[in-house]
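Q: Structure below; questions to follow.
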Amino acid sequence: MRRIQAGNVLSAFGLGFTVPYLYVYVAQVRELGASTAGAVLAVFAMAALVALPFTGRIIDRRGPLPVLVAAAVLASAGAVGMGLSDSIPTVVLSAALLGAGTAVMQPALATMIVWCSETATRTRAFATQFFLQNLGLGVGGLIGGHIVDESRPSSFTLLFGIEAAMFLVLAAIALTVRLPHSPTLHDSRPSGTEAGARGGLRALLGHRAMVQLLVLGFVLFFACYGQFESGLAAYGTEAAGIQPATLGTALAANTAVIVLAQFLVLRFVERRRRSRVIASVGLIWAVAWLAAGYAGLGHGSQAMATAAFISTYALFGLGEAMLSPTVAPLVADLAPEAMVGQYNSAFALVKQLALAVGPAVGGPMGAALHGPYIVTFVLFSLSVTVLALRLGKRLTPVQDLPSLAARTRVVAVHKPEEAVAPAR
């Protein structure tokens, strides 16, 4: 587990070097234009949507380790290509490789964490992963910001080179891992995987609790992550008069809350039902959107509007810190052993869809329809609470409160849904 988490933070560190500057690099540094930069970002997202539907079944049949190594090598090639690209075809191809590789890493890493943890320890393992990811992204972005120079394309080539090296380091660390199910790279799957993997999409869609979690996940990512750098940023600058530099401060506040609060929040989360924790996040985010509404629609001073807008991002960070040890472990606990990869990939696909749809819907609304924008996302946040409470009725006691496993040694049994009694 320590090696997996080390590789996780290093790859996040590498991503932090380049992700904030991808648009500037393509549009201005390589002088390929804003439309090409937009196309590159779209290809980056679409490559993930194309790759993820196939990822889960491969993970379940071959194991997460070879998939992670292949994805890391693919992403490294994409990063090198991006750093050397000076034409539209090469930059688009590099974006496709980078987007597909980084997307496939997510369910592969999540499945490795599942294999190296138990029901009672999974919450802390995923909280650690989320903490390290944000720390790596934040530190990488901070250092990268001091290296980049728009007048020197070589500075961006250096950034992409560092990112590529971090992906290869992740692959090298992964190759040293010996998973409980996998004594070697060539035998990295549990028994019965072939039979279980054949269940595929039909079996997953027949699992009502998982389907409800996928719907809930889409709403979560659409109402939060999908608005950070699009709708909420547009709303802040247009309605609240927020300066572009303040957006950076707000994002820093979000990351700071996650890093500082993650393990404090973990103690609270570990003793509470997962469905109720997620429901409380919906209420916190509703308050966050109301604060954003005050920033843009209120009549206070600019200083008050700025403080309210920054507090919106901080409250989002608190909710994220509560979700990280809750949602990802729940996906794993709902999955039959032979379909963990497919469940993780399905959830990653839903997240990617929300991140693609969110900016397309929120961007225009945040820029022009200020009042309706806030009302819409307050309602989305409240729907998180409703959906979470409904999901709780379909979970077994241990799935909803995993600490019961440590006290009773009862583990979640994956049976056909009609045979599982819902928690009361």
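Q: Spin-label point model (7 Å from Cα, Cβ direction): what's the R152 to L49 distance in nm?
A: About 3.9 nm, to one decimal.
Q: Give me the percent of accessible area attributable to carbon and sulfur for the range 44-100, probe 1.4 angstrom. Show your work: numbers first, answer last.
A: Details: 1710 of 2200 Å².
Carbon with sulfur: 78 percent of the solvent-accessible area.
Q: List, in order, the whole-Hz ³J(HN,Hα) value for each residue of the range 316-323 obtained from phi through the Karplus relation with A = 6.51, B = -1.76, C = 1.60 and θ = phi - 60°; use x for Gly and Pro.
A: 4, x, 4, x, 4, 5, 7, 7
Q: When only Cα pairs under 8 Å and 6 or more residues apart are kept, what is the percent relative contact order across the range 244-362? Can you show the working numbers first?
A: On the way: 88 pairs, mean separation 40.4, N = 119.
Averaging sequence separation for qualifying contacts and normalising by length gives 34 percent for the range 244-362.
Q: How far is it, in nm, from the label point at A360 to the one at V259 when both lie 7 Å from their Cα along the line to the Cβ?
A: 3.5 nm
Q: I've got another one for you. Accessible area per residue of the chain at 1.4 Å probe, in Å²? Intermediate values should be presented prior to the final figure.
A: On the way: 17780 Å² over 424 residues.
Spelled out: the 1.4 Å probe surface of the chain, per residue, equals 42 Å².
Q: Order the peptides 27-40, 364-377 from the highest to the lowest mean number of other Cβ atoms within 10 Å of their residues.
A: Details: 27-40: 16.3, 364-377: 18.0.
Ranking the peptides 27-40, 364-377 by packing returns 364-377, 27-40.
Q: Another one. Where the Cα atoms of the chain are projected onto their three principal axes, how long is each span, largest first, in whole Å?
A: 57, 49, 35
Q: Additional query: Order 136-144, 71-79 from most to least packed using the mean count of other Cβ atoms within 10 Å.
A: Values: 136-144: 19.6, 71-79: 24.8.
So the peptides 136-144, 71-79, ranked by packing, come out 71-79, 136-144.
Q: OK, next. Of G161, M210, T237, which is farthest towards the positive pole of the chain's charge dipole, taken about the Cα centre with +1 and -1 on the beta-carbons of Lys, Arg and Asp, Glu respectively?
A: Result: M210, furthest along the dipole toward the positive end.
Q: Choose one of V269, A295, M322: the residue whose Cα lies farthest towards the positive end of the charge dipole of the range 226-333 (beta-carbon charges +1 Lys, Arg; -1 Asp, Glu; about the Cα centre).
A: Result: V269, furthest along the dipole toward the positive end.
Q: Using a 1.4 angstrom probe with every protein chain in place, what is the largest-first accessible-area order of E150, E163?
A: On the way: E150 110, E163 0 Å².
If we order E150, E163 from most to least accessible, we get E150, E163.
Q: Using a Förster radius of 56 Å, what is the FRET efficiency between L290 and R3 based on their Cβ-Cβ separation? Nearest 0.05, please.
A: Numbers: r = 43 Å, r/R0 = 0.77.
That pair, L290 with R3, gives E of 0.85.
Q: A further question follows. What number in nm² do you get for the range 136-178 if you take the convex hull of its Cα atoms and divide its surface by four? Don't skip to the end; give the middle numbers.
A: Details: hull surface 13.0 nm².
The directionally averaged projection comes out at 3.3 nm².
Q: Same structure again: When the helices in the chain are scored as -39500 (n - 2.57) per DSSP H run of 4 or longer and the sum is shared across all residues, what 222 nm value do you end up with, to the nearest 500 deg cm²/dmol? The partial results should precede the final answer.
A: Values: 18 runs with 325 residues, N = 424.
Only helices count here, giving -26000 deg cm²/dmol.
Q: May I pose another question? If I stretch the segment between D86 and R276 completely, what's the gain in nm (0.36 nm per residue apart, minus their alpha carbon distance), one decimal? Present the calculation step by step, with values, prior to reporting the outcome.
A: Working: separation 190, 0.36 × 190 = 68.40 nm, distance 5.04 nm.
Residue separation times 0.36 nm, minus the Cα-Cα distance, leaves 63.4 nm.
Q: Normalised by the residues of the chain, what does the relative contact order come to in percent, with Cα pairs under 8 Å and at least six apart? Please report the intermediate quantities before stating the final value.
A: Working: 705 pairs, mean separation 102.2, N = 424.
Rounded, it is 24 percent for the chain.
Q: Say R0 is 25 Å: what FRET efficiency, to the nearest 0.05, do V215 and L297 get from their beta-carbon distance?
A: Details: r = 30 Å, r/R0 = 1.20.
The computed FRET efficiency comes out at 0.25.
Q: Skipping prolines and chain starts, which residues have an amide H placed within reach, meaning under 5 Å, of the one on L401, given they are 5 or more residues away or on another chain?
A: Counting only residues 5 or more places away or on other chains, the set is R274.
Q: Just how large is the dipole of the chain about the Cα centre, in debye to the nearest 20, putting +1 at every Lys and Arg Cβ and -1 at every Asp and Glu Cβ? Don't jump to the answer; show the numbers that get you there.
A: Details: 28 positive and 18 negative charges, 335 e Å.
About 1600 debye.
Q: If you roll a 1.4 angstrom probe over the protein chains with everything in place, what fraction of the accessible area of the range 230-325 belongs to carbon and sulfur, to the nearest %?
A: Details: 2540 of 3820 Å².
Here carbon and sulfur together make up 67 percent of the probe-accessible area.
Q: Got a sec to turn the phi values of the range 139-147 into Karplus ³J(HN,Hα) couplings, 6.51 cos²θ - 1.76 cosθ + 1.60 with θ = phi - 60°, whole Hz, x for Gly and Pro?
A: Going residue by residue, I get 5, x, x, 5, 5, x, x, 8, 9 Hz, with x marking Gly and Pro.
Q: Let me ask another. Tell me, what ³J(HN,Hα) does each residue in the range 371-386 have, in order and in whole Hz, if you take phi through Karplus 6.51 cos²θ - 1.76 cosθ + 1.60 with θ = phi - 60° and put x for Gly and Pro?
A: Coupling constants for the range 371-386: x, x, 4, 5, 4, 4, 8, 5, 5, 4, 5, 5, 5, 4, 4, 5 Hz.
Q: Leaving ligands, DNA and RNA out of it, report the carbon-plus-sulfur percent of the accessible area of the range 349-389 at a 1.4 Å probe.
A: On the way: 1470 of 1730 Å².
Answer for the range 349-389: carbon and sulfur cover 85 percent of the accessible area.
The values are calculated or read from the model by the stated rules, or taken from the named source; none is laboratory data. Just so it is clear, the structure is predicted and the values come from calculations on it, not from any experiment. Don't worry about glycine lacking a Cβ; one is built from the backbone with ideal geometry, like all the others, and counts go over all protein chains shown. With ligands, DNA and RNA removed, areas are computed over all heavy atoms of the protein, side chains included. Shrake-Rupley method; radii C 1.70, N 1.55, O 1.52, S 1.80 Å.
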